[in-house]
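What follows is a single structure, written as C-alpha cells, with notes after it.
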Number of protein chains: 2
Amino acid sequence: MNDIDAHLERYARLTLEVAVGLRAGQRLMIYAETNALEFVRVVGAMAYRMGARYVYVLWQDDVIHRARLQHAPKDSLTEMYEFEANSVNEMAEARDALLAITSGGPAPFEGIDPELIQIESDAIEERRERFWQLLGSQAFNLTLVPFATPEWANRLFPNDSKALEKLRKAMNHAVMLDTPDPSAAWHQTCEILHARCRSLNAKRYSGLRYSGPGTNLEIGLADDHNWSGGASQLENGIRFVADLPTFEVYTAAHRDRVNGVVRGTKPIDVSGGSVEGWSLEFRDGRVVGAHAARGLEFLEAILNADESARYLGEVALVPSDSPVEESGVIFRSTLLDENAASHIALGRTYRRTIKDGEDMEAKAFFAKGGNLSRVHKDVMIGSDEIDVDGVFADGSSEPLMRKGQFVFER
Amino acid sequence: MNDIDAHLERYARLTLEVAVGLRAGQRLMIYAETNALEFVRVVGAMAYRMGARYVYVLWQDDVIHRARLQHAPKDSLTEMYEFEANSVNEMAEARDALLAITSGGPAPFEGIDPELIQIESDAIEERRERFWQLLGSQAFNLTLVPFATPEWANRLFPNDSKALEKLRKAMNHAVMLDTPDPSAAWHQTCEILHARCRSLNAKRYSGLRYSGPGTNLEIGLADDHNWSGGASQLENGIRFVADLPTFEVYTAAHRDRVNGVVRGTKPIDVSGGSVEGWSLEFRDGRVVGAHAARGLEFLEAILNADESARYLGEVALVPSDSPVEESGVIFRSTLLDENAASHIALGRTYRRTIKDGEDMEAKAFFAKGGNLSRVHKDVMIGSDEIDVDGVFADGSSEPLMRKGQFVFER
C-alpha cells in the first residue's frame, strides 16, 4: 500500500468511525462530487467491510452542472426528476447514515449569474424540505467532511507544483489526521467542546459584545438558548460529529436584538464567487448596511434571499488557535473556515439551539428570538484581535474571550 | 485542445447526433460507470450546448459495487432505495433520451459467486419492469455506446504499456470514428442494414440452417417475424441508433423449432467471468446439452435463470468483415463482440421482431414462436467458416451467407 492509499484508508476510518458513527447494519448514503472518486471508493468499500447493509452514492458533477447554468434555458433551472427530489427525503425517513464530502469549494461556478444559481438551488431545497426537517431534528447520523482535490488545491495555490501536497497537509492538520491517534484526538476535542457548552449554558448570558478593529457589535441571545458543539448523540445511542473538523460552540442569536457594526475577518465564499473586505451594520436585528471591497453582489444575493436572511440565526465561538487556523490556509470552504474563527450566521436558527425549539410553532419560535429562513450562511467575524464580553440580563458584563481565548479556561 | 480532448469531442458529437439522436428541448439521462468520467463530462456539457433541457447522470461505481457483493449480507442484496428503482421508470415515462455508456466489461466481478450477482440483478430489474416495457416498445430514444478505459484496456492487453492506445484504436475503428465523416459513415451503414432487412423480409424464410466446424443447426423463424437493424425512428420523428456500433440484422427465432448443435465462435462474457470453447445442443427449441472448456458454471447460470432461458429468442446475421471484426480485437463486451459475428440470443424475444408483437398477450406471442424470459443473452456463432442457408416453408433452401458474406449482395 502506498502513502496515498494508506492516507485514504486512515481518513476513511476516521470518517466512518468518528464523524459518521456508522453502526453495523445501517445503510449509508454518500453525497459527493465526482472529483472525490478515489476517496469515495475507499470509504464506500470500507463501509461494507464495517457492516453497512447498503451504500448508495449520490454523485454531483461540477463540470456538467456548470454547463447547465451556462447553457440551459432559465425556465428549465427549476426542473429535476421526482426521484432526485425524493432521494435524500427517503434516506432521512429511513434514518440511514449520511456522509457528505466537500471537495471543490465554490469556484466551479465563478462567473455564473448568482440569480441562476439561486433559482436552481431554491427549486431543489423546496422539494427536499422533509430532509432538512429531519436533519434539523437530528433524526439520523450525518457528517460533512472535506477531501483535498487537485482542482481545489490549484485554486488556493495557483501555479504551484506542490499545491495538492500543501492543501493535503493543511487539511490533515485541520482534521487532526496528523496526530498519532486521530480518533482519540477527536474524542478529546469533543469533550472540551461539551465542557465549554456546559460553562456557557450555566452563565445564561443575555448577549455577547464584540469589539476590535472595525467591529463594535452587540448580539442578543435568544430566550432559552442552548449552547451546542462537538459530538451529537441520537436516541438509539449512535454518536456522530456533524462537521469534520469542528471547533465551534454555537447557539441562537436573538433575531431582533443585534445592533452595531461588524467587519468580516475572512472572505465569504458562495457558489458563484467570493465576498472580500466586507462589513455589515445591524439595527434591531436587521442588516441595514452592507459593504464589500469585492463581490458585494453575492452578499446582497444572500441578504435578499428572503426577508429573514437579513437577520441573524446563529452565533458561534471558536478559539483563534484552532487547528484550522493553525494550518495557516484559508480553504475557501465554510466547513473549514468557519472553524478557524468565531462567526455568525445570517438566516435560519438551528431549532435545537432553543430549548424545545424542535417542535415549536413558528410564531412561538420567533417569540423566543429564533429566526426561520431558507438561508443559513456562516460569516467569520473572529480573530485574536477581537474581544468578546458576556452581557447579563441586568446590563452588567464580563470578559468572555481575550486575544481569541476563552477567559474561563485560563 | 489536445488530441484526447479533440477525440472526446468528436466521439461525443457522434454519440449525441447519430446514436442518441438528441432533439433540442429533450431531457437526457446518462447511465455510466465512474471510470468513464472524462467522456461523461464532455458528452453531458455538449448535450446542454445542443439544447438539452436537463442532463442527469445515473452513476455506477464498480469498486463499491464489488465490495457490496463481497461483504454485504446475502439477504441485503435485494435492497435498494425506492427512488433508485423509480429513476429509469420515470425517465422512460417522460420519454426522455437515454445514453448508456459501457466502459468496463465484466471483469470487476471476477471471482464473485454468480448467484449473488443474479439475486441483486433480479431485484433491480423486477422493479424496473416499466422501464423495460417502454424500452421494448420504443417509447423513447436510447443508445448504448462503448468508452475505452485503462481498466478495460489492461484486461485485454495485460502488461502492455500501449494497452489503452490499442483499445482506443480498435474501438475507434469499430465505431467508425476513424473515418473522415463518421456521421455520414453511420447513415450509409444504416441504409445498408435497412436494405438488407427489406430483402430478408421479402424472402419469408421459415428458418435458417447453419453449417461449419462443430456446427449443424437449424433455427426456425417465428411466424410473422420481422427483420430489423440500423437506425430506429420514433413516432415524433426522432431517429436514433440503439447500439453503437451496430452491424447486425436480427429477427425472432421460433421458440420450439431449433434443432442440432452449435459451436461458439467467441467467448460468452457475463458479470462474473467468461465462458470459453462452448457448444450447445438443441432439441425442439430447448437446450438439452451445454459444454464448455472453461466457465461452464456461468453458461449454466444463464440457462437456469428461468425455464425460457433455455430457448432462443433472437437470431442475428452479421457479415464477417464488419469493422468490429476488422479491428482484430475481442472486446469482451457484448455490445461490440455481437457486431463482429452472427449470433443467437438465449431468452427473451424482442417484441417488435414479430408483427404486432408489442401489444400481443403472452399466449399469442408464444403461439407465434416468440419467447419471454428475463434473460436476453447474445452468444456468437458466426465466422467466415460458417455457411448459412435460407429455408423455405416447403422445405427447399438457398444459400444465404457464404464465407461470411450475404449471397444476395454480391
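The values are calculated or read from the model by the stated rules, or taken from the named source; none is laboratory data. In this text, all values refer to a predicted model and were calculated from it rather than measured experimentally. Please note: Cβ atoms are built from the backbone with ideal geometry, for glycine as well, and neighbour counts cover all protein chains shown. Only protein heavy atoms, including side chains, enter the accessible area calculation; ligands, DNA and RNA are left aside. Shrake-Rupley method; radii C 1.70, N 1.55, O 1.52, S 1.80 Å.
Numbers at a glance
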{"quantity": "Selection within the range B:396-410 - in contact with a helix residue (DSSP H, G or I) (Cβ under 9 Å, 6 or more places away or on another chain), open to solvent by less than 50 Å² (accessible area, probe 1.4 Å) and closer than 17 Å to residue B:198 by Cα", "calculated": "B:400, B:401, B:406"}
{"quantity": "Residue check for residue A:243: closer than 18 Å to residue A:345 by Cβ, crowded, with 17+ Cβ neighbours inside 10 Å, at pLDDT 95 or above and among the charged types (D, E, K, R)", "calculated": "yes"}
{"quantity": "Qualifying residue in the range A:95-107 (condition: under 30 Å from residue B:91 (Cα atoms) and either β-branched (Val, Ile, Thr) or within 7 Å of chain B (Cβ to nearest Cβ) (or both))", "calculated": "yes"}
{"quantity": "Checklist (1) under 30 Å from residue A:93 (Cβ atoms); (2) open to solvent by less than 10 Å² (accessible area, probe 1.4 Å); (3) within 10 Å of another protein chain (Cβ to nearest Cβ) applied to residue B:47, failing item", "calculated": "(1)"}
{"quantity": "Residue A:143, sole failed condition from (1) open to solvent by 80 Å² or more (accessible area, probe 1.4 Å); (2) under 16 Å from residue A:229 (Cβ atoms); (3) polar (S, T, N, Q)", "calculated": "(1)"}
{"quantity": "Residue check for residue A:281: farther than 30 Å from residue A:327 by Cβ and modelled with pLDDT under 95", "calculated": "no"}
{"quantity": "Residue A:257 open to solvent by 40 Å² or more (accessible area, probe 1.4 Å), out of contact with any Ser or Thr (no Cβ under 8 Å at 6 or more places or on another chain), modelled with pLDDT of 95 or more and not in a strand (DSSP E or B)", "calculated": "no"}
{"quantity": "Residues of the range B:72-81 that turn out to be of a type in the set (A, V, I, L, M, F, W, C) and either more than 26 Å from residue A:89 (Cα to Cα) or more than 7 Å from chain A (Cβ to nearest Cβ) (or both), as a count", "calculated": "2"}
{"quantity": "Residue within the range A:166-175 that is in contact with a helix residue (DSSP H, G or I) (Cβ under 7 Å, 6 or more places away or on another chain), within 27 Å of residue A:267 (Cα to Cα) and at pLDDT below 95 present", "calculated": "no"}
{"quantity": "Unique match (being outside any helix (DSSP H, G or I), under 18 Å from the mean Cα position of the chain (by Cα) and farther than 18 Å from residue A:218 by Cα) among A:275, A:315, A:324", "calculated": "A:275"}
{"quantity": "Qualifying residue in the range B:203-214 (condition: touching a residue at least 40 places away in the same chain (Cβ under 8 Å), open to solvent by 30 Å² or more (accessible area, probe 1.4 Å), assigned to a strand (DSSP E or B) and closer than 15 Å to residue B:314 by Cα)", "calculated": "yes"}
{"quantity": "Tally of residues being more than 14 Å from every other protein chain (Cβ to nearest Cβ), open to solvent by less than 40 Å² (accessible area, probe 1.4 Å) and either among the small types (Gly, Ala, Ser) or within 16 Å of residue B:60 (Cα to Cα) (or both) across the range B:110-134", "calculated": "1"}
{"quantity": "Selection status of residue A:159, without any contact (Cβ under 8 Å) to a residue 12 or more places away in the chain and away from chain B (no Cβ under 13 Å)", "calculated": "yes"}
{"quantity": "Tabulated pairs, the range A:178-200, first among the basic types (Lys, Arg), second surrounded by fewer than 16 Cβ atoms within 10 Å (Cβ to Cβ), C-beta under 9 angstrom, 6+ apart or interchain", "calculated": "A:196/A:408; A:196/A:409"}
{"quantity": "Condition check for residue B:52: within 9 Å of chain A (Cβ to nearest Cβ), more than 28 Å from residue A:120 (Cα to Cα) and either open to solvent by 10 Å² or more (accessible area, probe 1.4 Å) or more than 20 Å from the chain's Cα centre (by Cα) (or both)", "calculated": "no"}
{"quantity": "Selection status of residue B:62, modelled with pLDDT under 95 and either within 13 Å of chain A (Cβ to nearest Cβ) or under 21 Å from the mean Cα position of the chain (by Cα) (or both)", "calculated": "yes"}
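Conditions tested, residue by residue: (1) within 8 Å of another protein chain (Cβ to nearest Cβ); (2) part of a helix (DSSP H, G or I); (3) over 16 Å from residue B:35 (Cβ atoms); (4) modelled with pLDDT of 95 or more.
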position: A:23; (1), (2), (3), (4): no, no, yes, yes
position: A:28; (1), (2), (3), (4): no, no, yes, yes
position: A:31; (1), (2), (3), (4): no, no, yes, yes
position: A:39; (1), (2), (3), (4): no, yes, no, yes
position: A:42; (1), (2), (3), (4): no, yes, no, yes
position: A:57; (1), (2), (3), (4): yes, no, no, yes
position: A:67; (1), (2), (3), (4): yes, yes, yes, yes
position: A:70; (1), (2), (3), (4): yes, yes, yes, yes
position: A:83; (1), (2), (3), (4): yes, yes, yes, yes
